[in-house]
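Engineer: Below are the structure tokens for one structure; questions will follow.
The values are calculated or read from the model by the stated rules, or taken from the named source; none is laboratory data. What you are looking at is a predicted structure, and each value in this text was computed from that prediction instead of being measured. Cβ placement follows ideal geometry from the backbone for every residue including glycine, while neighbour counts extend to all protein chains displayed. SASA here: full protein model, heavy atoms, side chains in, ligands and nucleic acids out. Shrake-Rupley method; radii C 1.70, N 1.55, O 1.52, S 1.80 Å.
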Amino acid sequence: MGMGMKTTAVALAGAALALGGVSSPAGAAETKAACGYDVCLSTTNGSATLYLDRWSGSSWDVCDDAPDGMRSMAEVRYAGQVLRLQTAAGYGTCSSPQSLYPTPGSGAVISLKVWVQNGASGTPQYTRTGSYVW
């Protein structure tokens with residue numbers, strides 16, 4: 001995923017309501033039509049976003065969207081699997097992509113969580129949770 005496209009998606013993520021496959025409180029997530037990805041789940045302050053593009057490798061990544069000195073973190077949970085994603089390089093960077101294996105079947109519910117924290121062992125802040133139906 002290109003960083004420019006994700007930056008644009010993040011700007012849109014704060015403005016539109018959740019419609020379709022992703023659910024979370026207060027319109028936090030976007031549909032593919034609104035953000036360009038299957039999942040765009042942002043922290044409550046918009047400083048980090050979790051992404052999924054199912055049709056381009058089904059990989060998940062989290063991006064640091066604010067120059068706040070915080071580390072962007074995310075967890076993706078499904079059938080006993082837990083993907084832990086994080087950025088350590090700062091603003092404008094994304095985590096290494098990770099994928100669920102085996103790929104979830106149609107109708108599977110994936111649990112999502114995204115937050116920021118100060119360093120590797122900081123307290124989670126601006127946490128947002130949601131789910132995605134595969």
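Engineer: Averaged per residue, what accessible surface does the stretch 35-99 expose to a 1.4 Å probe, in Å²?
Structural biologist: Values: 2570 Å² over 65 residues.
That works out to 40 Å² for each residue.
Engineer: State the extension gain, in nm to one decimal, for the chain segment bounded by residue 93 and residue 129, taking 0.36 nm per residue of separation less the distance between their alpha-carbons. Write down the numbers at each step before the final one.
Structural biologist: Numbers: separation 36, 0.36 × 36 = 12.96 nm, distance 2.14 nm.
Length gained between residue 93 and residue 129: 10.8 nm.
Engineer: Ignoring any ligand, DNA or RNA, what whole percent of the accessible area of the stretch 51-134 comes from carbon and sulfur when the probe is 1.4 angstrom? Write out the running numbers ahead of the final one.
Structural biologist: Details: 2020 of 4170 Å².
Accessible surface attributable to carbon and sulfur in the stretch 51-134 totals 49 percent.
Engineer: Quick one: compute the contact order of the stretch 61-134, relative version, from alpha carbon pairs under 8 angstrom and 6+ residues apart, as a percent. Provide the component values of the computation, followed by the final result.
Structural biologist: Values: 157 pairs, mean separation 23.7, N = 74.
So the answer I get is 32 percent.
Engineer: Go ahead and run the numbers for FRET between residue 55 and residue 120, Cβ-Cβ distance against an R0 of 25 Å, rounding to 0.05. Before the final figure, lay out each step's value.
Structural biologist: Details: r = 33 Å, r/R0 = 1.31.
About 0.15, to the nearest 0.05.
Engineer: So who's got an amide H within less than 5 Å of the one on residue 44, skipping anything under 5 residues away but keeping other chains? H placed 1.01 Å off N, in plane.
Structural biologist: 127, 128
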